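Step one of this worksheet: look at the structure below.
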Amino acid sequence: MKKFYILWCALLYVTLLAQDYNASLIPENLLKNANAVVRESAEDYVLKSVKELHIKQTHAVTILNSAGDEFSTVLIPYNPNTKVGSIKVEVYDAAGKLSKTYSKKDFNDYTNNPSAALYVDDRILILRPMSSQYPYTVKSYYETTTSNTVYLNYFRPVTSYDMSVEKSTFTVHNTSGINIRTKVTDRPLAKLTHSTEGNVMKYSYENIPAIKHEDLAPSISYLVPQVEFSPEKFTLEGKEGNMTDWNSFGKWYYTQLINPVSEITPEIRAEVQALNLSGTTSDKVKTIYQYMQNKTRYVLIAMGIGGWQPMPAAEVSKKGYGDCKALTNYMRTLLAAAGINSYFSVIYDDYSVITFDKDFPRMSGNHAILMVPTEKETIWLENTSQQHAFNHLSFTSHHRNVLAVKEDGIQIVDTPVYKPEQSMEKLNAKILLGDDGAISSDARFEFSGGQYDSNLRLLGLKNDEIREALKNRHYNLKIDDLKVNNLKNDRDEGKIGYDLSLKANGFSKKIGNDLFFPVMPFYEAVMLSSNDERKLPFENSFPFQDDYEIEYIIPAGYIFAEIPKSSSITTEFGSYTIDFTTKDGKLLVKRVLTINKGLYPKEKYKEYLAFRKQTASRDNTKILLTKQ
């Protein structure tokens with residue numbers, strides 16, 4: 001009887017502690033702007049030694065509508081060094097009643113490789129337990145054991161817009177004797193609760209409201225709080241490392257991951273010799289870089305230490321493909337064969353600036369580029385694109401720092417900083433106005449910097465697709481005919497240009513016998529919300545400048561009734577000028593819009609919006625032509 005009583009009490013205790021997944025119990029503030037609500041999330045890490053990490057994960061999310069179905073998917077990655085233990089998935093209806101259960105056998109097992117181009121030994125278990133009745137709740141529990149202890153890295157309670165969190169916890173049981181550094185990044189969104197008892201660290205967040213995306217909002221990773229972890233000793237794919245400081249980590253990175261795959265084989269040496277290099281160091285680097293681009297293509301590879309170790313340079317040379325790590329290290333090896341030093345560099349490639357903390361060494365980053373010091377300047381190479389210009393980094397790699405991996409450690413180096421005039425759209429156009437309101441235009445467009453990046457996609461399109469893309473870009477015009485000629489990617493100077501000829505109807509409006517037309521036919525309207533209750537900071541992710549010069553030729557028998565006054569605007573966000581001059585019956589319009597890079601508090605959004613409304617208003621200035 002006593003045993004029965006103890007068992008009954010234990011069952012009662014578990015029942016009382018069990019989460020009630022009745023959707024009606026979700027606090028009202030967590031429903032606002034949410035497509036899904038995380039009811040509970042618990043990650044329990046047990047670090048037993050430098051090469052043994054046990055992980056238990058429980059995650060319950062209530063899906064409120066069809067837009068939230070994506071959050072119901074259960075993903076469990078694994079590989080030869082990460083074993084998956086027990087798995088249990090449960091689905092509850094709106095009242096919190098259990099309706100379906102799943103186990104490991106119900107999961108689909110896929111190669112964990114988005115490119116699907118190569119064999120990899122990283123795999124992923126996937127289950128999509130959706131319901132047609134909303135709301136519903138999916139609860140998943142699984143255990144994994146891994147020797148890759150470096151993956152004890154961060155706790156981030158929110159990973160997406162439109163998702164709120166009722167409770168999220170992260171616990172680290174450290175029985176290894178290894179020191180674990182921590183770094184807390186607070187945000188106004190939620191307050192961290194933290195406790196340490198002996199070798200157990202516990203972190204939790206509660207009642208985090210959903211973030212609704214707003215125009216120009218920074219990346220979600222910037223907006224949410226997080227806790228980062230960095231074990232001073234770790235293992236990655238059987239290779240033990242030291243992360244007490246960046247130099248120790250860098251020596252390990254170079255010795256274990258870079259140097260073993262960087263052999264200068266006779267074939268690689270012959271490749272370089274065949275290029276007959278001459279000129280300055282920069283000239284030689286450019287020749288090798290453009291050779292590498294023409295020979296290789298980008299695919300994702302995740303073999304072995306795939307997330308971090310490059311594919312051997314000799315393999316890239318033979319097969320002609322690789323991911324960012326492989327292509328960067330192949331380029332580095334080619335340069336080494338030419339006697340030119342360069343450094344494999346890890347970076348956070350993102351619209352928002354994410355930098356490495358000089359005082360907090362941690363295995364992180366999501367991309368690799370190459371740094372080449374020369375006698376005149378540092379050359380930066382993006383190695384994943386066959387179209388990318390020499391010594392040009394995309395705007396998602398500017399204004400931040402990299403981990404340059406050297407034989408004697410890591411050097412944290414800043415990447416270049418764009419000025420607006422280095423990221424330019426240059427337009428020169430002649431427009432013939434017809435007395436029927438139509439126009440005939442011949443224009444030359446040229447793009448550099450970040451605007452070069454955004455126009456690279458044109459190079460991958462067919463001719464009819466290019467015409468359609470530019471029709472869509474100039475949607476404000478009623479285009480009757482459009483031709484694109486001389487589309488060219490100048491990989492030496494980092495510029496894309498093309499000639500655009502078009503005819504459009506209804507550009508000018510008739511008022512009796514007079515004509516009325518806007519001064520700016522070519523522009524991309526910026527549609528920004530004027531919501532008075534801005535919640536998030538806003539960001540212009542790269543600086544740019546639009547420099548337009550347009551000459552209007554008016555129909556015979558017409559004169560300008562009045563020429564608008566030139567004007568200018570200057571703010572902390574940027575500047576704008578527009579000038580009007582006439583000569584020989586023609587109107588010349590010069591317009592320059594400059595936008596500064598910046599991350600601004602939400603309180604300044606109204607000022608920024610007012611600035612962009614002013615520029616749009618001046619772009620919409622009308623010119624009146626009077627019939628003589």
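The values are calculated or read from the model by the stated rules, or taken from the named source; none is laboratory data. Predicted, not measured: the structure shown is a model, and the values here were computed from it. Glycine also receives a Cβ, built like all others from the backbone with ideal geometry; neighbour counts cover every protein chain displayed.
Observations, loosely collected:
- Residues in the range 410-422 that are within 25 Å of residue 259 (Cβ to Cβ) and either of a type in the set (A, V, I, L, M) or at pLDDT below 95 (or both): 3 in all.
- The set of residues in the range 133-170 being without any contact (Cβ under 8 Å) to a residue 60 or more places away in the chain and over 24 Å from residue 217 (Cα atoms) consists of 133 alone.
- Residue satisfying all of: in the range 178-197; of a type in the set (A, V, I, L, M), surrounded by 13 or more Cβ atoms within 10 Å (Cβ to Cβ) and within 27 Å of the chain's Cα centre (by Cα); nearest to residue 56 (Cα to Cα) among these: 192
- Selected residue [surrounded by 14 or more Cβ atoms within 10 Å (Cβ to Cβ) and either among the β-branched types (Val, Ile, Thr) or without any contact (Cβ under 8 Å) to a residue 40 or more places away in the chain (or both)] from 496, 511: 496
- Per the listing 268, 288, 301, the residue uniquely modelled with pLDDT under 95, of a type in the set (Val, Ile, Thr) and crowded, with 20+ Cβ neighbours inside 10 Å is 301.
- Meets criteria (of a type in the set (Val, Ile, Thr) and under 22 Å from residue 214 (Cα atoms)) for residue 172: no
- Figure legend. Inter-residue proximity from the range 457-479: first residues among the β-branched types (Val, Ile, Thr), second residues surrounded by fewer than 14 Cβ atoms within 10 Å (Cβ to Cβ), beta-carbon distance below 6 Å, spacing 6+ or different chains. Indicated pairs: 479/471.
- Hey, residue 453 assigned to a helix (DSSP H, G or I), surrounded by 19 or more Cβ atoms within 10 Å (Cβ to Cβ) and among the charged types (D, E, K, R) or not: yes
- Within this structure, residue 599 fails the test of being touching a residue at least 40 places away in the same chain (Cβ under 8 Å) and out of contact with any strand residue (DSSP E or B) (no Cβ under 9 Å at 6 or more places or on another chain).
- Index of the failed condition, residue 444 passing every other in (1) within 26 Å of the chain's Cα centre (by Cα); (2) not in a loop (DSSP other than H, G, I, E, B): (1)
- Scanning the range 356-387 for residues that are under 23 Å from residue 540 (Cα atoms) and in contact with a helix residue (DSSP H, G or I) (Cβ under 8 Å, 6 or more places away or on another chain) returns a single hit, 367.
- Qualifying residues in the range 375-386 (those that are at pLDDT below 95 and under 19 Å from the mean Cα position of the chain (by Cα)) - the one farthest from residue 321 (Cα to Cα): 385
- Scanning the range 158-177 for residues being crowded, with 18+ Cβ neighbours inside 10 Å, within 29 Å of the chain's Cα centre (by Cα) and not acidic (Asp, Glu) gives a total of 7.
- Residue satisfying all of: in the range 86-106; more than 15 Å from residue 126 (Cα to Cα) and in contact (Cβ under 8 Å) with a residue 40 or more places away in the chain; nearest to the chain's Cα centre (by Cα) among these: 91
- Of 571, 577, all but one fail to be outside the structural domain of residue 220 (by TED's automatic domain parsing), touching a helix residue (DSSP H, G or I) at 6+ places or on another chain (Cβ under 8 Å) and farther than 23 Å from residue 478 by Cα; the exception is 571.
- Qualifying residue in the range 581-593 (condition: crowded, with 16+ Cβ neighbours inside 10 Å and not in a strand (DSSP E or B)): no
- When residue 464 is tested against (1) of a type outside the set (Phe, Trp, Tyr); (2) outside any loop (DSSP other than H, G, I, E, B); (3) crowded, with 18+ Cβ neighbours inside 10 Å, exactly one condition is not met: (3).
- Residue satisfying all of: in the range 341-355; touching a Lys or Arg at 6+ places or on another chain (Cβ under 7 Å) and of a type in the set (S, T, N, Q); farthest from residue 541 (Cα to Cα) among these: 342
- In the set 568, 575, 530, only one residue is surrounded by fewer than 19 Cβ atoms within 10 Å (Cβ to Cβ), under 31 Å from the mean Cα position of the chain (by Cα) and part of a strand (DSSP E or B); that residue is 575.
- Filtered residue count, the range 261-288, keeping only those that are part of a helix (DSSP H, G or I), of a type in the set (A, V, I, L, M, F, W, C) and in contact (Cβ under 8 Å) with a residue 60 or more places away in the chain: 4
- Subset of the range 594-628 (residues that are surrounded by 13 or more Cβ atoms within 10 Å (Cβ to Cβ) and among the polar types (S, T, N, Q)): 594, 596, 614, 615, 621, 626
- First in the range 570-584 and on the phi < 0 side of the Ramachandran plot and at pLDDT 95 or above, second anywhere and charged (D, E, K, R) and outside any loop (DSSP other than H, G, I, E, B), Cβ under 6 Å, 6 or more apart: 578/591; 578/618; 579/590
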